[in-house]
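Below is one structure, written out as structure tokens, with a few remarks after it.
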2 protein chains.
Amino acid sequence: MNGADKLCDVLLVNGVDVCFANPGTSEMHFVAALDRKPEMRCVLGLFEGVVTGAADGYARMADKPAATLLHLGPGLANGLANLHNARRADTPVINVVGDHATYHVQYDAPLTSDIESLARPMSQWVGRVETASAVRRVTEEAYVASVSRRGVSTMILPADAAWGDAEPEDLTPVEVPAAATSSPEKIREAAAALKSGKRVAIILAGKALRKEALEIAGKIAAASGAELFSQQSDRHERGAGRVAIRPVPYPVGMAVAALAEFEIAICLGKGVPVAFFAYPGMPSQLLPAQCKAIELGGAETNLLETLELLCSEIGASSAKPALNRLTQGELEEPTGDLTPDSIGRALARRMPENAIICDEAITSGRAFGQLAPGIQPHDHLSLTGGAIGIGIPLSVGAALARPDQKVILLQADGSGMYTVQGLWTQARENLDVVTIVYSNRSYAILQGEMRNVGVNQFGKNARAMLDLDRPDLDWCLMARGMGVEAGRATTIDEFSRLLDAALSNKGPFLIEAMI
Amino acid sequence: MNGADKLCDVLLVNGVDVCFANPGTSEMHFVAALDRKPEMRCVLGLFEGVVTGAADGYARMADKPAATLLHLGPGLANGLANLHNARRADTPVINVVGDHATYHVQYDAPLTSDIESLARPMSQWVGRVETASAVRRVTEEAYVASVSRRGVSTMILPADAAWGDAEPEDLTPVEVPAAATSSPEKIREAAAALKSGKRVAIILAGKALRKEALEIAGKIAAASGAELFSQQSDRHERGAGRVAIRPVPYPVGMAVAALAEFEIAICLGKGVPVAFFAYPGMPSQLLPAQCKAIELGGAETNLLETLELLCSEIGASSAKPALNRLTQGELEEPTGDLTPDSIGRALARRMPENAIICDEAITSGRAFGQLAPGIQPHDHLSLTGGAIGIGIPLSVGAALARPDQKVILLQADGSGMYTVQGLWTQARENLDVVTIVYSNRSYAILQGEMRNVGVNQFGKNARAMLDLDRPDLDWCLMARGMGVEAGRATTIDEFSRLLDAALSNKGPFLIEAMI
């Protein structure tokens, strides 16, 4: 066996059995090794941004990492934007990046680059396999770092480490240290705050937004009068019957207003909320200046147990959390124009049970988001890092991880074009994904931001950079060109009919909504 | 005026008047400033790989840099693969990468990342504009570095440096130091080698492959008996009436054989040729071990004058270079199957004068390349850094720089999918580009490499990663979906008819060749 075989075996014994890939020449021995392991599921992306975004979506739903296979520095570079999103989602991912044979690097061949420098900004852990005999140790390190610290591990595999001889050996799963709760002092501090009579916000992210953790947070809120907020996260178990929680709004002014009254903020899963961007005269931090923050830990923390400890510390274990009421059946069929609002209502009425919403709708998703608490319980996967182009890949990964759940992708057109190649992978793997493209033929969010900087009349250059028309994109043609069936809706009736058909069938379908 | 206005002014006064862009919120003040400068041509790419690859193609043909406008770390990351190619082509490019306002970085907002770490591997020069008052100095440094060292300059522009007040001032073009020739000692050493009676290879790259430089190299070769070779370069002025020169073959075995007999290699424009990849038991360097290398300088060198000095040093100024003979008219119309070979002949017969060939045909371009010396003189732009996905963007930039030349893009299907979004920019800018997609529904080069590592029977996973079928891509639908007219050829007759039509019209057209 060679180093590449060993790498496959170590991944498999640790339960990593999906590899999203786009290989090149320097990874041929790894490809050959993967070909000897039919129990590894290899999924091709026609661009590395699809590969890494799919790995993110997979891990968010499978709660375990997939591997990626990337070709040298440029292949990694192409995947970095979605690794950035994975990093901000605290998603475990194990990148295997091929490199030249160790002795070849000195010649600065055309594909040589500083892979470590590229990897570090988007990775929690970066390592290099020096020889075939180091494969097991480095792969285990990458795996443990990825799982226990919930993040992106990037492992560089030189070609000679892949093709070099490795010793056969009995492999067992590596031990992953259990996640610790927040410290007793911190928990007591939070409990005291909740009992202080002051206005308290509990701001949740990551695994604190899963059903069970939310239940406990809901009890704490019910017993203490604290208010619950969510930050953008890998996965929010949302909808009717689940604990009511408000998102921290994206627009800075709205976020500041929503949080203005609080004297204490208890944060779990992520640090204090900050503004996506700076604006002249606006604050960077969203909490009021006098608000005290108590941070109970990030993704590496056992958030469920921390919430349980806090709940029992304030004696709230038998409190009744406020749950979202199912109002889906009360929604009326929308009529009139095809708009983000009518689309949101048409979809909310039709939400199947146990669906997965992948959300890269940007400016168009607000209406659906407002209805979401009252609809069938579902998983909501959001754009965590702000790097657009995650939607289609995320849907690929989520659908692969959960073949029995319907995936509904809310996709802005400008962002969708970034990784449009992912539609082909939807088709090849026959994934059960309904993609709704909100076709507004513009970077609408940026047109709003231009107005924010005081520009209301757009000239030639602003229009050139912020409009997506001239020519209009035809998403149905593009989807069919990649093997995905598609239909165009110009009225809400057409949209609803297409959606009914798409929801009643299995397999990928794209609806181009001409809003 | 603000810092962003100043940045535009400094670019414009130095002749940088094209900006390939995909902006985001942190660049809105720069977008607003660009909108106040209609003399700057802003060209939108629907993905940053299109933006950077177009800047590369533009600079190769315009011999001056374009600016790019990229959104923070992830926007830069998306453009890195084609910046890698630009770096390997020694192409001048000026990236303007927006960043958060300086005071906002400490809060680690979702889009924050280490931009310098991402930029350095693919940039010759990296700088940060600390305040609006530093804009002129930093922009001039970026410009000079890019032009005089022929490379990628990456300039990071925090939002507050863009929106901060800047002093109006009279701007003049910055002085760029003239490129020096190789040293007299080196030139004498090369001259002595040429007169030694030993077998000498002259290996040219970059600006040494332009018409005038090639003429001089041809005289040197004619007078001395040395043999001329080319390495993959930004732009090779190729074809009939130009000096005959052989490319160093891509496959290592062929390259080693082609260079086996040489005792001395004189290299201009690039260092000694090295293998793209390492293979067990194969050398990394392509020259024989006993061959002496004389390197006369890279892209920063005045290669034309260096060749002139060498030519006069050996008294070859009146020698007659061996020129390629025009054989295009003697080519017979191909019949039979549609293959890379018949496509190459059909195109060669029809080559218009003064065309630009953008070449990302990978395994399918060999036939055309072999006929190229005998056809109408043309510019040949190649994939210099091995990062696939350059073809469509390169065609965009080349066509923008040279609206009076027909651009013919030879595009492998697998590579084309990497930056397929660039077709939309072809359409929006109504660029005169004929795209020929060699649709072989596979990563054919990798299938060859798998055989090189001894795998001849492909299993489930190898087929999953190396085939592009199931479903087949339909390039005509994808092209029309982005506003580019297209036609499919399944026979060589259909192909020739489509090509005749495409060459006789202006504007973008795509031919999907089902080889």
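Report the charge-dipole magnitude of the protein assembly as shown in Debye, nearest 20, computed about the Cα centre from +1 at each Lys and Arg Cβ and -1 at each Asp and Glu Cβ.
140 debye
In percent, what relative contact order does the stretch B:184-313 have, based on Cα pairs under 8 Å that are 6 or more apart in sequence?
Working: 231 pairs, mean separation 41.9, N = 130.
Result for the stretch B:184-313 is 32 percent.
Rounded to a whole number, what % of the accessible area of the stretch B:184-313 do carbon and sulfur atoms account for, probe 1.4 Å?
53 percent
Roughly how far apart, in whole Å, are the Cα centres of the stretch B:492-507 and the stretch A:198-233?
When both Cα centres are located, 64 Å separates them.
Leaving out ligands and nucleic acids, note down the accessible area per residue over the stretch B:169-224 with a 1.4 angstrom probe, in whole Å². Could you put the intermediate results ahead of the total?
Details: 2710 Å² over 56 residues.
I get 48 Å² per residue for this part.
Report the one residue of B:Leu118, B:Tyr107, B:Ala86 whose Cα lies farthest in the direction of the positive end of the charge dipole of the stretch B:72-140 (charges on C-beta: Lys and Arg +1, Asp and Glu -1; origin at the Cα centre).
Among B:Leu118, B:Tyr107, B:Ala86, the one farthest towards the positive end of the dipole of the stretch B:72-140 is B:Ala86.
Just to be sure I understand the interface: list residues from the stretch A:264-280 that lose 20 Å² or more of accessible area between the chain on its own and the complete protein assembly, 1.4 Å probe.
The answer is A:Val274, A:Phe276, A:Phe277, A:Ala278, A:Pro280 - residues whose exposure falls by at least 20 Å² when every protein chain is included.
Please report the antiparallel percentage of DSSP beta bridges with both residues in chain A, rounded to the nearest 5.
10 percent
Any idea what the A:Asp114 label distances to the other copies are, label 7 Å down the Cα→Cβ vector, nm, shortest first?
Spelled out, the distances from A:Asp114's label point are 1.0 nm.
Would you list which aspartates and glutamates come within 15 Å of B:Lys219, measuring only between C-alpha atoms, while excluding same-chain residues fewer than 8 positions from it?
B:Glu227, B:Glu305, B:Glu308, B:Glu313
Once you have the Cα-Cα distance between B:Glu130 and B:Thr172, take 0.36 nm times their residue separation minus that, and quote the gain in nm to one decimal.
Length difference between fully extended and current span is 12.9 nm.
Mean residue ellipticity at 222 nm from the helices of chain B, using -39,500 (n - 2.57) per DSSP H segment of n ≥ 4 over the full residue count, to the nearest 500 deg cm²/dmol?
-11000 deg cm²/dmol
I want to verify the translational diffusion coefficient of the stretch B:88-191 in µm²/s; compute it with Stokes-Einstein, Rh as the Kirkwood radius over Cα pairs, at 20 °C and 1.002 mPa s.
136 µm²/s
Based on alpha-carbon centroids, what's the gap between the stretch B:422-442 and the stretch B:127-144 in Å, whole number please?
Going from one Cα centre to the other spans 36 Å.
Post the alpha-carbon centroid distance, the stretch B:248-285 to the stretch A:306-335, in whole angstrom.
If we compute the Cα centre of each part, the gap is 68 Å.
Using a 1.4 Å probe on protein heavy atoms, which residues of the stretch B:399-438 have at least 30 Å² less accessible area in the complex than alone?
Residues shielded by partner chains are B:Met417, B:Tyr418, B:Gln421, B:Trp424, B:Arg428.
Towards the positive end of the charge dipole of chain B, with charges on Cβ (+1 Lys, Arg; -1 Asp, Glu), say which of B:Val147, B:Ala221, B:Cys19 has the farthest Cα.
B:Ala221
Grab every C-alpha pair in the stretch A:1-134, bin the distances at 10 angstrom width from 0 up to the longest one, and report whole percents.
Taking all Cα pairs of the stretch A:1-134, the binned fractions are 13, 46, 36, 6, 0 percent.
To the nearest 0.05, how large is the calculated FRET efficiency for A:Arg497 and B:Glu330 if R₀ is 60 Å and r is the Cβ-Cβ distance?
Between A:Arg497 and B:Glu330 the formula returns 0.50.
For the stretch B:109-124, list whatever residues lose no less than 10 Å² of accessible surface once every protein chain is in place, relative to that chain by itself, with the probe at 1.4 Å.
When all protein chains are present, B:Ala109, B:Pro110, B:Leu111, B:Thr112, B:Ser113, B:Asp114, B:Ser117, B:Leu118, B:Pro121, B:Met122 each give up 10 Å² or more of accessible surface.
Expressed as a rounded percentage, what relative contact order does chain A have, with Cα pairs under 8 Å and six or more residues apart?
Values: 1195 pairs, mean separation 74.2, N = 515.
Relative contact order for chain A comes out at 14 percent.
Run through the other copies and list how far each one's label point is from that of B:Leu12, in nm with one decimal, shortest first; the point sits 7 Å from Cα along Cα-Cβ.
Spacings between copies for this position, smallest first, are 6.4 nm.
Counting protein heavy atoms only and a 1.4 angstrom probe, how many square angstrom of accessible surface do chains A and B bury in total, to the nearest 100?
Using a 1.4 Å probe, the pair buries roughly 8200 Å².
Convex hull over the Cα atoms of the protein assembly as shown, averaged projected area in nm²?
Averaging across all directions leaves 40.7 nm² for the Cα convex hull.
What nm distances, shortest first, do you get from the label point of B:Gly454 to those in the other copies when the point sits 7 angstrom along Cα to Cβ?
For B:Gly454, the inter-copy label distances come out at 7.0 nm.
Please state the charge dipole magnitude for chain B, taken about the Cα centre, from unit charges on C-beta atoms (+1 on K and R, -1 on D and E), reported in debye and rounded to the nearest 20.
Dipole magnitude for chain B comes out near 1480 debye.
Using unit Cβ charges (K, R positive; D, E negative) and no other charged atoms, how large, in debye to the nearest 20, is the dipole of the stretch B:1-72 about its Cα centre?
With only Lys, Arg, Asp and Glu charged at Cβ, the dipole is about 60 debye.
Please find the FRET efficiency linking B:Glu300 to B:Asp108, where r is the Cβ-Cβ separation and R0 is fixed at 41 Å, and quote it to the nearest 0.05.
With a Förster radius of 41 Å, E is 0.60.
Given a Förster distance of 60 Å, report the FRET efficiency between A:Arg441 and B:Ala222 from their Cβ-Cβ distance, rounded to the nearest 0.05.
0.55
Which value, in Å², gives the accessible area per residue of the stretch B:292-418 when a 1.4 Å probe is used on the protein heavy atoms?
On a per-residue basis, the stretch B:292-418 sits at 36 Å².
Roughly how many percent of the accessible protein surface of the stretch B:1-97 is carbon and sulfur, given a 1.4 Å probe and a whole-percent answer?
On the stretch B:1-97, the fraction of accessible area on carbon and sulfur atoms equals 45 percent.
Could you work out the relative contact order of the stretch B:323-367? I mean the mean sequence separation of Cα pairs under 8 Å and 6+ apart, divided by the number of residues, in percent.
Relative contact order for the stretch B:323-367 comes out at 38 percent.
What residues have an amide H closer than 5 Å to that of A:Ala101, excluding those fewer than 5 places away on the same chain, when H is modeled at 1.01 Å from N in the peptide plane?
The answer is A:Ala159, A:Asp160, B:Ala278.
The values are calculated or read from the model by the stated rules, or taken from the named source; none is laboratory data. Computed from a predicted model, the values in this text were never measured in an experiment. Backbone-built Cβ (ideal geometry, glycine too); neighbour counts: all protein chains shown. For accessibility, only protein heavy atoms count, side chains too; no ligands or nucleic acids. Shrake-Rupley method; radii C 1.70, N 1.55, O 1.52, S 1.80 Å.
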